[in-house]
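Student: Once you've had a glance at the structure underneath, I'll fire off some questions.
The values are calculated or read from the model by the stated rules, or taken from the named source; none is laboratory data. All figures in this text were calculated on a predicted structure; none of them were measured in a lab. We place every Cβ from the backbone using ideal geometry, glycine too, and count neighbours over all the protein chains shown. Please note that ligands, DNA and RNA were not included when accessible areas were found on the heavy atoms of the full protein model with its side chains. Shrake-Rupley method; radii C 1.70, N 1.55, O 1.52, S 1.80 Å.
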Amino acid sequence: MVNEELFKKIIAHSKEYGFVFPSSEIYDGLSAVYDYGQNGVELKNNIRKYWWEAMVKLNENIVGIDAAIFMHPTVWKASGHVGAFSDPLIDNKDSKKRYRADVLIEEHREKIQAKIDKEVDKAHKKFGDSFDKQQFTATNPRALEYQSKIDELSTRFVKALETGDLTEIKKIIEDNEIVCPVSGTRNWTDVRQFNLMFDTKLGSVSEDSNTIYLRPETAQGIFVNFLNVQKTGRMKIPFGIAQTGKAFRNEIVARQFIFRMREFEQMEMQFFVAPGDENEWYEKWREKRMKWHKTLGLGVEKYRWHNHEKLAHYAKAAADIEFEFPIGFKELEGIHSRTDFDLSQHQEFSGKKLQYFDPERNESYVPYVIETSVGLDRMFLSVLSSAYKEEVLAKEDGTSEIRVVLSIHPAIAPVKVAVLPLVKKDGLPEKAREIMNRLKIDFNCQYEEKDSIGKRYRRQDAIGTPFCVTVDHQSLEDNTVTLRYRDSMKQERVDVEKLDEIIDKLVNMKYLLRQLD
Ligand code: ATP
């Protein structure tokens, strides 16, 4: 379900609490470009670490690299990006708004699907426990009519995409009476292809031959280093290469906060397998990646698979893991079985052999590739949007207040512990500093002495800090402190000597990683 209001709240909260700022805000921002603030960068680093360690530390046969953003321009010819990395765009002449034609059609299809879901819900309520959904959708005239509309639309759409028929895409929009969400009119331009790569010039001479691109994906840095890594790491197939880093796309529609950015970060892993083994590995990686997501505890019901109907010409299979963002179910990660397309292309364009000698098969071949590709910023948004909660708390005087809390998994929370002297005098700040200095070696800590303790707890809740340690007068006498838990707000008196152990049990990422192994 789309929850625009929640989405707006998350955007506002991100800014207010130092997670995400619009880029160059004092100059009114730059469209679809964002900066991560003091808390955002910590959360982002932790998600990246969870991914990296799950890939590189837990799998003996996966190693990481960090390739440059700039690459030889021929890389992008070989990969197909110069010729075909484009989206079909369409403008509405009245609102002057630009859309991705394929997205307009997909959203229209989702709207029809929503109508079926509504009929199902209505019937479910009417018939109660005896309701049989399958039978209903197979026999109810209205549901069948909607379904046949979806089927017809899908068949035309897939065919038009496959053949690159832009006139037909426009016709689908017209025939389905799709209107511009802003102007409400059907006054559309023709559909055109728009290449998403940013280009720039290398060196000081502005000639075409010096044109280079900001990489639109990190994967190509892995492909061109395939042999370097295989040889120097003495890697045996099957093996993988992992990489995280910036990617750039001149997105046509970029109005969804950090869901669709023009500069973003990807976490990609290419897994090289022997020809013939790709289906088995594709299934394995689908399973492994879904487990990685679900282990973070954002809610198992928030994920679903979307198998691609339209495959790229080189792909054998492709699926997205979709997440239920406040803007609806959308792609979070892609898992693709890419055959030997990428390495073969680079072999052809570079004239260099990119083959592997398999001692077990006693033959050389160009390996097949299974790719897992997840956006770090979309991961960040998935974490934030499921963590954001507004709780109504009853106060002693009979009134109530709202507590905003980010229930982020403690292992990836930006700050792990806040150390708070109850008052700013009587030696409490000194004692608190002493505790802080001891904890900060292992945990990301924050020290705060301003405002009432209640206000300080709220500020920590709002950034998702799992523990608050409060130092009071008793602490000076018996070396104990109050430990407050973020989610339950439970408080307990603990010995300072025990703090490290209690905190570590919740925040150490190794416990999360253990669940994956
Ligand atoms: P979409 O269909 O949403 O445009 P895509 O299929 O083009 O995504 P891929 O090329 O498969 O995306 O990229 C892999 C991952 O990179 C995506 O699953 C997503 O998490 C992330 N990603 C892609 N484009 C963007 C973007 N503009 N902003 C943020 N993350 C992105």
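Student: Run down 336, 306 and say which single residue is of a type outside the set (S, T, N, Q), within 11 Å of the ligand (Cβ to nearest atom) and surrounded by fewer than 16 Cβ atoms within 10 Å (Cβ to Cβ).
Tutor: Only one candidate passes the filter, namely 306.
Student: List, please: which pairs have Cβ atoms under 8 Å, are six or more places apart or on different chains, and start with a residue in region 307-320 that is under 21 Å from residue 284 (Cβ atoms) and end with one that is among the aromatic types (Phe, Trp, Tyr)?
Tutor: Pairs found: 314/341; 315/341; 316/282; 317/282; 319/305; 320/305.
Student: Tell me which residues, restricted to region 463-493, are free of Cβ contacts under 8 Å to residues at least 24 places away in the same chain, in a strand (DSSP E or B) and either crowded, with 22+ Cβ neighbours inside 10 Å or of a type in the set (Asp, Glu) (or both).
Tutor: 492
Student: Here is a check on your reading of the model: is residue 458 in contact with a Cys (Cβ under 8 Å, 6 or more places away or on another chain) and not in a loop (DSSP other than H, G, I, E, B)?
Tutor: For residue 458, the condition - in contact with a Cys (Cβ under 8 Å, 6 or more places away or on another chain) and not in a loop (DSSP other than H, G, I, E, B) - is not met.
Student: Go through (1) without any contact (Cβ under 8 Å) to a residue 40 or more places away in the chain; (2) open to solvent by less than 80 Å² (accessible area, probe 1.4 Å) and name the single condition residue 88 misses.
Tutor: (1)
Student: Just wondering, is there one or more residues in region 104-111 that are within 18 Å of residue 87 (Cα to Cα) and either among the hydrophobic types (A, V, I, L, M, F, W, C) or open to solvent by 90 Å² or more (accessible area, probe 1.4 Å) (or both)?
Tutor: yes
Student: For region 372-394, which residues satisfy the criterion of being open to solvent by less than 20 Å² (accessible area, probe 1.4 Å) and more than 16 Å from the ligand (Cβ to nearest atom)?
Tutor: Correct list: 387 only.
Student: When residue 369 is evaluated against the numbered criteria (1) within 30 Å of residue 114 (Cα to Cα); (2) open to solvent by less than 10 Å² (accessible area, probe 1.4 Å); (3) not aromatic (Phe, Trp, Tyr), which criterion, by number, is the only one it fails?
Tutor: Unmet for residue 369, out of (1) within 30 Å of residue 114 (Cα to Cα); (2) open to solvent by less than 10 Å² (accessible area, probe 1.4 Å); (3) not aromatic (Phe, Trp, Tyr): (1).
Student: Condition first: part of a loop (DSSP other than H, G, I, E, B), more than 16 Å from the ligand (Cβ to nearest atom) and of a type in the set (S, T, N, Q). Now tell me which residues in region 215-249 satisfy that. Explain how you work it out, then say what you get.
Tutor: Just the residues of region 215-249 that are part of a loop (DSSP other than H, G, I, E, B), to begin with: 215-218, 224-225, 233-238, 249.
Filter once more, keeping what is more than 16 Å from the ligand (Cβ to nearest atom): 224-225, 233-238.
Hit for region 215-249 is 225, nothing else.
Student: Continuing with the same structure: How many residues are in a strand (DSSP E or B) and not aromatic (Phe, Trp, Tyr) when one looks only at region 54-106?
Tutor: The qualifying residues number 12.
Student: Consider residue 318 against the criteria (1) over 20 Å from residue 370 (Cα atoms); (2) buried (at least 19 other Cβ atoms within 10 Å of the Cβ): it satisfies all of them except one. Which criterion is unmet?
Tutor: (1)
Student: Something else now. Just to verify a result, which residue in region 13-28, among those that are of a type in the set (A, V, I, L, M, F, W, C) and within 19 Å of the chain's Cα centre (by Cα), is surrounded by the fewest Cβ atoms within 10 Å (Cβ to Cβ)? Write out each step before concluding.
Tutor: Pass one, region 13-28, residues of a type in the set (A, V, I, L, M, F, W, C): 19-21, 26.
Keeping just the survivors that are within 19 Å of the chain's Cα centre (by Cα) gives 19-21.
Numbers: 19: 27, 20: 26, 21: 15.
Of everything passing the filter in region 13-28, 21 is surrounded by the fewest Cβ atoms within 10 Å (Cβ to Cβ).
Student: Which fully enclosed helices (runs of 4 or more DSSP H) of region 130-200 have 3 or more residues being touching a helix residue (DSSP H, G or I) at 6+ places or on another chain (Cβ under 7 Å) and either open to solvent by 40 Å² or more (accessible area, probe 1.4 Å) or touching a residue at least 24 places away in the same chain (Cβ under 8 Å) (or both)?
Tutor: On the way: elements: 133-139, 141-163, 166-175.
Ranges flagged: 141-163, 166-175.
Student: Another question, if that's okay. Identify all residues within region 250-297 that are near the ligand (Cβ under 10 Å from one of its atoms), aliphatic (A, V, I, L, M), under 16 Å from the mean Cα position of the chain (by Cα) and surrounded by fewer than 19 Cβ atoms within 10 Å (Cβ to Cβ); write none if there are none.
Tutor: Of everything in region 250-297, just one residue is near the ligand (Cβ under 10 Å from one of its atoms), aliphatic (A, V, I, L, M), under 16 Å from the mean Cα position of the chain (by Cα) and surrounded by fewer than 19 Cβ atoms within 10 Å (Cβ to Cβ), namely 254.
Student: Regarding residue 517, is this residue modelled with pLDDT under 95 and within 30 Å of residue 296 (Cα to Cα)?
Tutor: Yes; evaluated as a whole, the condition is true for this residue.
Student: Pairs only if they're at least six apart or on different chains, beta carbon under 6 angstrom, first in region 361-386 and not assigned by TED's automatic domain parsing to the domain that holds residue 261 and β-branched (Val, Ile, Thr), second within 8 Å of the ligand (Cβ to nearest atom) and open to solvent by less than 10 Å² (accessible area, probe 1.4 Å); list them, first residue then second.
Tutor: Pairs found: none.
Student: Do we have any residue at all in region 102-124 that's outside the structural domain of residue 349 (by TED's automatic domain parsing), at pLDDT below 90 and in contact with a Leu (Cβ under 9 Å, 6 or more places away or on another chain)?
Tutor: No: region 102-124 contains no residue that is outside the structural domain of residue 349 (by TED's automatic domain parsing), at pLDDT below 90 and in contact with a Leu (Cβ under 9 Å, 6 or more places away or on another chain).
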